[in-house]
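Engineer: Pasting a structure here, questions to come.
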Amino acid sequence: MPENPEEITATLRVRMSPQDAHYGGHLVSGARLLQIFGDLVTEITIKTDGDEGLLTGYRDVEFLAPVSPGDYIEATARLRGRSRLRRTVEFTAHKTVVSRYDLGATRAETPAEPVLVCRAVGTAVVPPAAARRVAARPDPAPSVPVLT
């Protein structure tokens with residue numbers, strides 16, 4: 001595992017389903033994006049501590065563009081800081097495929113550039129007994145982490 005927190009990331013790509021639509025205009029709730037961010041912070045704390053940790057809150061949450069069913073969202077989390085028990089994580093979500101149901105029931109397109117739809121900063125905590133640092137490995141092969 002990289003020693004530099006800037007190198008610890010997690011990414012998910014998810015297609016928004018019709019069940020995700022919540023608001024008028026058939027828009028996806030921002031809470032769905034925060035749920036994805038929660039899954040990403042869990043992966044970050046597993047990578048850093050071997051524990052799922054607990055997301056304690058978000059700050060600086062910005063919803064920047066609408067999300068609709070059929071859109072593909074690529075969300076990324078990057079560890080920005082860590083203390084003994086806290087992990088600070090930066091999140092971004094980009095729309096990489098745009099549904100175009102206005103053109104037909106199965107129409108979609110890829111934008112020239114991914115569209116930033118949401119960003120936030122979150123804090124997670126890990127239990128004192130689980131807080132640790134995983135030693136760096138030269139290869140990405142799965143193994144039992146070495147405690148330091």
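Engineer: Answer yes if at least one residue in the stretch 101-110 is of a type in the set (Asp, Glu), modelled with pLDDT of 95 or more, surrounded by 15 or more Cβ atoms within 10 Å (Cβ to Cβ) and not in a helix (DSSP H, G or I), and no otherwise.
Structural biologist: Let us first name the residues in the stretch 101-110 that are of a type in the set (Asp, Glu), namely 102, 109.
The next check asks that each one be modelled with pLDDT of 95 or more; those that pass are 109.
Checking the rest, the ones that are also surrounded by 15 or more Cβ atoms within 10 Å (Cβ to Cβ) come to none.
There is no residue in the stretch 101-110 that is of a type in the set (Asp, Glu), modelled with pLDDT of 95 or more, surrounded by 15 or more Cβ atoms within 10 Å (Cβ to Cβ) and not in a helix (DSSP H, G or I).
Engineer: If you take the residues of the stretch 56-100 that are of a type in the set (Lys, Arg) and open to solvent by less than 30 Å² (accessible area, probe 1.4 Å), which of them is modelled with the highest pLDDT? First the steps, then the outcome.
Structural biologist: From the stretch 56-100, those of a type in the set (Lys, Arg) are 59, 78, 80, 82, 84, 86-87, 95, 100; that's our starting set.
Okay, now just the ones that are also open to solvent by less than 30 Å² (accessible area, probe 1.4 Å), so 87, 95.
Numbers: ARG87: 95, LYS95: 98.
If we take residues in the stretch 56-100 being of a type in the set (Lys, Arg) and open to solvent by less than 30 Å² (accessible area, probe 1.4 Å), then LYS95 is modelled with the highest pLDDT.
Engineer: Additional query: Condition first: within 20 Å of VAL121 (Cα to Cα) and either crowded, with 17+ Cβ neighbours inside 10 Å or in contact with a Gly (Cβ under 8 Å, 6 or more places away or on another chain) (or both). Now tell me which residues in the stretch 15-37 satisfy that.
Structural biologist: GLY30, ARG32, LEU33, LEU34, ILE36, PHE37 - these are the residues of the stretch 15-37 that are within 20 Å of VAL121 (Cα to Cα) and either crowded, with 17+ Cβ neighbours inside 10 Å or in contact with a Gly (Cβ under 8 Å, 6 or more places away or on another chain) (or both).
Engineer: It is to be established whether one or more residues within the stretch 130-141 are assigned to a strand (DSSP E or B), open to solvent by less than 30 Å² (accessible area, probe 1.4 Å), among the β-branched types (Val, Ile, Thr) and modelled with pLDDT under 95. Spell out the reasoning first.
Structural biologist: First pass over the stretch 130-141, keeping only residues assigned to a strand (DSSP E or B): 134.
Still in the running and open to solvent by less than 30 Å² (accessible area, probe 1.4 Å): 134.
Now restrict to residues that are among the β-branched types (Val, Ile, Thr): 134.
With modelled with pLDDT under 95 added as a condition, the list becomes 134.
Yes, the stretch 130-141 contains a residue that is assigned to a strand (DSSP E or B), open to solvent by less than 30 Å² (accessible area, probe 1.4 Å), among the β-branched types (Val, Ile, Thr) and modelled with pLDDT under 95.
Engineer: Enumerate the pairs (first residue in the stretch 22-37 and of a type in the set (S, T, N, Q); second residue anywhere and open to solvent by 50 Å² or more (accessible area, probe 1.4 Å)) with beta-carbon separation below 7 Å, excluding pairs fewer than 6 apart on the same chain, so at least 6 apart or on different chains.
Structural biologist: The qualifying pairs are SER29/HIS22; SER29/TYR23.
Engineer: I would also like to ask the following. Testing ILE44 on (1) outside any strand (DSSP E or B); (2) without any contact (Cβ under 8 Å) to a residue 40 or more places away in the chain; (3) in contact with a Leu (Cβ under 6 Å, 6 or more places away or on another chain), one condition comes back false. Which one is that?
Structural biologist: The failed condition is (2).
Engineer: While we're here: Is it the case that GLY53 is closer than 28 Å to ALA129 by Cβ and either touching a residue at least 60 places away in the same chain (Cβ under 8 Å) or surrounded by 15 or more Cβ atoms within 10 Å (Cβ to Cβ) (or both)?
Structural biologist: Values: closer than 28 Å to ALA129 by Cβ: yes; either touching a residue at least 60 places away in the same chain (Cβ under 8 Å) or surrounded by 15 or more Cβ atoms within 10 Å (Cβ to Cβ) (or both): yes.
Spelling it out, GLY53 is indeed closer than 28 Å to ALA129 by Cβ and either touching a residue at least 60 places away in the same chain (Cβ under 8 Å) or surrounded by 15 or more Cβ atoms within 10 Å (Cβ to Cβ) (or both).
Engineer: Can you name the condition, by its number, that SER29 falls short on among (1) among the small types (Gly, Ala, Ser); (2) at pLDDT below 95; (3) more than 30 Å from ALA131 (Cα to Cα); (4) more than 17 Å from the chain's Cα centre (by Cα)?
Structural biologist: Just one mismatch for SER29, condition (4).
The values are calculated or read from the model by the stated rules, or taken from the named source; none is laboratory data. Computed from a predicted structure; not experimentally measured. Neighbour counts are summed over all protein chains in view; Cβ atoms, including those assigned to glycine, are modelled from backbone coordinates with ideal geometry. Surface areas here come from the heavy atoms of the whole protein model, side chains and all, with no ligands, DNA or RNA. Shrake-Rupley method; radii C 1.70, N 1.55, O 1.52, S 1.80 Å.
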